[in-house]
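Encoded as structure tokens, the structure appears first; notes follow it.
The values are calculated or read from the model by the stated rules, or taken from the named source; none is laboratory data. Just so you know, these numbers come straight off a predicted model, no measurement behind them. Glycine gets a Cβ as well: all are built from the backbone with ideal geometry, and neighbour counts include every protein chain shown.
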Ligand code: GLN
């Protein structure tokens, strides 16, 4: 086995036994990036020198007997978490040369464990999108089929894991951006409960929905990375002071007896791709064979979720993105003119089309006279969606569903049709609207050999049930072991 193919757990064992060094491992990962990323374009910045320096520090810590679960492990970070001294672009021209003076809390946590940061990954600009085609820097290709999208917005982080260009990565999820690219790239992705992981240093898209989470080669790594990043942070007022369990304690292959899994009847929509439908049905059967009882449940407000999300998220985005005015950060257009002209031309040239579309929609929906009709109404719908889940969880412990209506589409296929693109988020948006956790695990392949994901959602702060179901399912299947040919 090649070093870059290792999981966190495998690499950790080898590092602990001193059979490999972090420098060897990191070099292998960097070489892999330089060998295949020309084709995939997962990274915006590869931090070669810094990564080797991180690895030297990790090796020194290990030689002093100081090793924890992520020590010496090369990770990739979605390029919207601030990294001190390392460019953080959000895949936007407006931040193309922005070098943050501080680390996001999650990055600080990784540093404390002497993890290695291999680089920063591509994404839809400011995390707005479902395909990574909205990046202002480059388009990422799906390692399973280079003519297709890797999903988004954390497409670079997903592709980097799938193509073994890092051992694991971090993404962020506002409406599916961890789970959806994880499904399209055949890896594991977890969106934690809102408030579980600090958002300090995560560049804000829609603050009431954003959450950072792990993207990994298997469920074990997902639990290990969760242990590292979860926890209260006084610097994030929405972070919850709740004890962090040891997520690896869920990794027991003991079956799912006594558990009830809900299958939402509203999710078997007519638009569901036949391969996705079949793979998810097989997965549900497998879960049943593991001892769980699967019952039909109802999430009656599902049909309104896309409309409500695509009001709430742009509203929050229009407010959050007001800070990019050419004065405080990043790009400033030097065209002659007064202050207003400078704002106008900086934002016109700095933002891409999708970001502008969202700012305009959000500003409109929040303006006097329209607030009640749009933002106010969408917030009420959001409450109904939360209640749907509350009612459903009275009958079941977790909910199983598809992650996406179809496998990865071709690059360019939906770019002129934002509405179709938005509709493809139907199965992932609700978890963000309700603040509950959701995981995507590989559950099959389409006829074209494209990965398909199974989503498990649970109650607030019940990531353990997701990991338990996902782990037991993974132990019985080998979808996560397949690798794309590159
Ligand atoms: N596709 C959704 C959007 O464009 C979700 C993105 C995300 O989760 N960051 O808003």
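Regarding residue 329, is this residue more than 17 Å from residue 356 (Cα to Cα), touching a helix residue (DSSP H, G or I) at 6+ places or on another chain (Cβ under 6 Å), surrounded by fewer than 22 Cβ atoms within 10 Å (Cβ to Cβ) and touching a residue at least 40 places away in the same chain (Cβ under 8 Å)? Explain how you work it out, then say what you get.
Details: more than 17 Å from residue 356 (Cα to Cα): yes; touching a helix residue (DSSP H, G or I) at 6+ places or on another chain (Cβ under 6 Å): no; surrounded by fewer than 22 Cβ atoms within 10 Å (Cβ to Cβ): yes; touching a residue at least 40 places away in the same chain (Cβ under 8 Å): yes.
Taking the combined requirement at face value, the residue does not satisfy it.
Output yes when any residue across segment 83-93 is over 22 Å from residue 197 (Cα atoms) and within 15 Å of the ligand (Cβ to nearest atom), and no when none is.
Yes: one or more hits.
Just to confirm my filter: which helices (runs of 4 or more DSSP H) fall fully inside segment 322-426 and include at least 1 residues that are within 24 Å of the chain's Cα centre (by Cα), modelled with pLDDT under 95 and closer than 26 Å to residue 139 by Cα?
Details: elements: 339-350, 353-366, 377-392, 418-423.
Qualifying helices (runs of 4 or more DSSP H): 418-423.
Which of the helices (runs of 4 or more DSSP H) found entirely inside segment 142-234 contain at least 2 residues meeting this: within 16 Å of the ligand (Cβ to nearest atom) and touching a residue at least 12 places away in the same chain (Cβ under 8 Å)?
Working: elements: 155-162, 179-185, 219-229.
Passing ranges, in order: 155-162, 179-185.
Sort through 20, 94 and tell me the only one that's in a loop (DSSP other than H, G, I, E, B) and in contact with a helix residue (DSSP H, G or I) (Cβ under 6 Å, 6 or more places away or on another chain). Explain how you work it out, then say what you get.
Values: 94 fails: in a loop (DSSP other than H, G, I, E, B).
Unique residue meeting the criteria: 20.
Restricting the search to segment 288-305, which residues are assigned to a loop (DSSP other than H, G, I, E, B) and over 24 Å from the mean Cα position of the chain (by Cα)?
Here is the first cut: in segment 288-305, the residues assigned to a loop (DSSP other than H, G, I, E, B) are 290-292, 298-301.
Result: 290, 291, 292, 298, 300, 301.
I need every pair where a residue in segment 300-315 that is more than 12 Å from residue 388 (Cα to Cα) has its Cβ under 6 Å from the Cβ of a residue that is near the ligand (Cβ under 10 Å from one of its atoms) and part of a helix (DSSP H, G or I), sequence separation at least 6 or different chains.
Every condition considered, the pairs that remain are 306/422; 309/429; 310/422; 314/358.
Can you spot a residue in segment 271-287 that is closer than 30 Å to residue 312 by Cα, buried (at least 23 other Cβ atoms within 10 Å of the Cβ) and either under 15 Å from the mean Cα position of the chain (by Cα) or within 16 Å of the ligand (Cβ to nearest atom) (or both)?
For segment 271-287, residues closer than 30 Å to residue 312 by Cα, buried (at least 23 other Cβ atoms within 10 Å of the Cβ) and either under 15 Å from the mean Cα position of the chain (by Cα) or within 16 Å of the ligand (Cβ to nearest atom) (or both): absent.
Check residue 457 against each of (1) part of a strand (DSSP E or B); (2) more than 16 Å from the ligand (Cβ to nearest atom) and name the one condition it does not meet.
(2)
Of the numbered conditions (1) farther than 25 Å from residue 176 by Cα; (2) surrounded by 15 or more Cβ atoms within 10 Å (Cβ to Cβ); (3) out of contact with any helix residue (DSSP H, G or I) (no Cβ under 7 Å at 6 or more places or on another chain), residue 239 satisfies every one except a single condition; which is it?
For residue 239, the exception is condition (1).
Looking at segment 116-135, can you tell me whether even one residue there is away from the ligand (no atom under 16 Å from the Cβ), over 19 Å from the mean Cα position of the chain (by Cα) and at pLDDT 95 or above?
Yes.
Working only within segment 400-430, note down all residues that are over 27 Å from residue 447 (Cβ atoms) and either surrounded by fewer than 23 Cβ atoms within 10 Å (Cβ to Cβ) or more than 15 Å from the ligand (Cβ to nearest atom) (or both).
418
Quick one: residue 76 ticks every box in (1) crowded, with 18+ Cβ neighbours inside 10 Å; (2) part of a helix (DSSP H, G or I); (3) in contact with a helix residue (DSSP H, G or I) (Cβ under 9 Å, 6 or more places away or on another chain) except a single one, so which number is it?
With (1) crowded, with 18+ Cβ neighbours inside 10 Å; (2) part of a helix (DSSP H, G or I); (3) in contact with a helix residue (DSSP H, G or I) (Cβ under 9 Å, 6 or more places away or on another chain) applied to residue 76, the lone miss is (2).
Being under 26 Å from residue 231 (Cα atoms) and part of a strand (DSSP E or B): is that true of residue 61 here? Spell out how you get there, then give the answer.
Working: under 26 Å from residue 231 (Cα atoms): yes; part of a strand (DSSP E or B): no.
So residue 61 does not fit the description; no.
Go through segment 80-102 and give me each residue that's surrounded by fewer than 24 Cβ atoms within 10 Å (Cβ to Cβ) and in contact with a strand residue (DSSP E or B) (Cβ under 6 Å, 6 or more places away or on another chain).
The answer is 87, and nothing else.
Suppose we keep only residues that are closer than 14 Å to residue 302 by Cα and touching a helix residue (DSSP H, G or I) at 6+ places or on another chain (Cβ under 7 Å) within segment 431-447. Which one would you say is surrounded by the fewest Cβ atoms within 10 Å (Cβ to Cβ)? Break it down stepwise before answering.
Narrowing segment 431-447 to residues closer than 14 Å to residue 302 by Cα: 431-434.
Going one step further and asking which of them are touching a helix residue (DSSP H, G or I) at 6+ places or on another chain (Cβ under 7 Å), we end up with 433-434.
Values: 433: 28, 434: 24.
Looking at the filtered set, the residue picked out is 434.
Going by the conditions given, is residue 164 on the phi > 0 side of the Ramachandran plot, modelled with pLDDT of 95 or more and surrounded by fewer than 24 Cβ atoms within 10 Å (Cβ to Cβ)? Please lay out each step first, then the result.
Details: on the phi > 0 side of the Ramachandran plot: yes; modelled with pLDDT of 95 or more: yes; surrounded by fewer than 24 Cβ atoms within 10 Å (Cβ to Cβ): yes.
Judged against the criteria, residue 164 is a match.
I'd like the full set of residues that are assigned to a loop (DSSP other than H, G, I, E, B) and more than 16 Å from the ligand (Cβ to nearest atom), limited to segment 431-454.
Filtering segment 431-454 down to residues assigned to a loop (DSSP other than H, G, I, E, B) leaves 435-437, 446-450.
Those that are assigned to a loop (DSSP other than H, G, I, E, B) and more than 16 Å from the ligand (Cβ to nearest atom): 446, 447, 448, 449, 450.
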